1. Would you mind telling me which numbered condition in (1) of a type in the set (A, V, I, L, M, F, W, C); (2) closer than 17 Å to Leu5 by Cβ; (3) within 22 Å of the chain's Cα centre (by Cα) Leu68 fails?
2. Being small (Gly, Ala, Ser) and touching a residue at least 40 places away in the same chain (Cβ under 8 Å): is that true of Ala23 here?
3. Go through Ala21, Ala14, Ala26 for me and flag whichever is out of contact with any Cys (no Cβ under 8 Å at 6 or more places or on another chain), small (Gly, Ala, Ser), loosely packed, with under 13 Cβ neighbours inside 10 Å and not assigned by TED's automatic domain parsing to the domain that holds Tyr159.
4. Restricting region 58-104 to residues that are in a loop (DSSP other than H, G, I, E, B) and free of Cβ contacts under 8 Å to residues at least 24 places away in the same chain, which is surrounded by the fewest Cβ atoms within 10 Å (Cβ to Cβ)?
5. Restricting attention to region 80-95, and to residues there that are touching a Ser or Thr at 6+ places or on another chain (Cβ under 9 Å) and under 15 Å from Ile108 (Cα atoms), which single residue is modelled with the highest pLDDT?
6. Would a scan of region 44-55 turn up a residue that is small (Gly, Ala, Ser), part of a helix (DSSP H, G or I) and surrounded by fewer than 18 Cβ atoms within 10 Å (Cβ to Cβ)?
7. Take region 108-151 and flag every residue that is surrounded by 13 or more Cβ atoms within 10 Å (Cβ to Cβ), closer than 17 Å to Ala88 by Cα and of a type outside the set (Ser, Thr, Tyr).
8. Please go through region 30-43 and give me each residue that is in contact (Cβ under 8 Å) with a residue 12 or more places away in the chain and assigned to a helix (DSSP H, G or I), ordered by number.
Amino acid sequence: MIPALAAIVQPLLANGLGLVANAVMAKGQAWVEGKTGVKLQPNMPPEEVAKLQMAQMEHEEELMRLKLEENKLDIEELTLRLKDTDSARNREVEIVTSDKAPLLNKVITPILALTLLLITFALFAVVMFDHSPVDSSRKDILIYILGVLSAISTQIVSYYFGSSQGSKDKSEALEKALK
């Protein structure tokens with residue numbers, strides 16, 4: 001979140017103005033100020049907060065509609081991401097179960113995943129158990145490589161062990177939200 005926007009949204013949330021804060025994030029500060037007639041600022045006087053609370057109560061239905069629209073957009077985005085992941089899984093299943101696919105195509109993905117995991121663990125072991133100091137000119141490169149390998153390892157483990165259950169849970173949540 002942009003720091004200037006966060007400075008406006010956080011006090012709104014602290015004062016129980018979650019719907020107004022959501023409207024600020026969805027439509028912008030100027031839109032909310034135009035609708036309420038209140039200048040939004042980080043340290044609003046109590047009178048201005050009271051005006052916003054009244055506006056929130058008066059326009060609760062419209063503010064809830066904004067929140068629902070935002071939720072629908074979030075659900076649509078999540079649906080697209082899940083479809084993308086699902087298509088990759090379906091492609092892999094088709095290759096593995098195909099009689100026409102060569103053996104190399106069937107085993108290359110798991111072999112690469114296992115190799116990357118082993119390299120990552122080996123490099124971490126070297127860094128942890130090698131007591132010789134790391135040259136300062138190589139320190140940043142080593143940290144960068146470890147970070148990249150950690151991210152790749154996380155994605156591999158998530159793909160093989162976590163993503164399917166997560167996708168199932170997300171699909172169920174999407175269905176409930178859409179109903």
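1. It is condition (2) that Leu68 fails.
2. Answer is yes for this residue.
3. Ala14
4. Taking the candidates together, the pick is Asp99.
5. Looking at residues that are touching a Ser or Thr at 6+ places or on another chain (Cβ under 9 Å) and under 15 Å from Ile108 (Cα atoms), I get Ile95.
6. Among the residues of region 44-55, at least one is small (Gly, Ala, Ser), part of a helix (DSSP H, G or I) and surrounded by fewer than 18 Cβ atoms within 10 Å (Cβ to Cβ), which makes the answer yes.
7. Within region 108-151, Pro110, Ala113 qualify.
8. Val32, Lys35, Thr36
The values are calculated or read from the model by the stated rules, or taken from the named source; none is laboratory data. These figures come from a predicted structure and were not determined experimentally. Cβ sites come from the backbone with ideal geometry, for glycine too, and all protein chains shown count toward neighbours.
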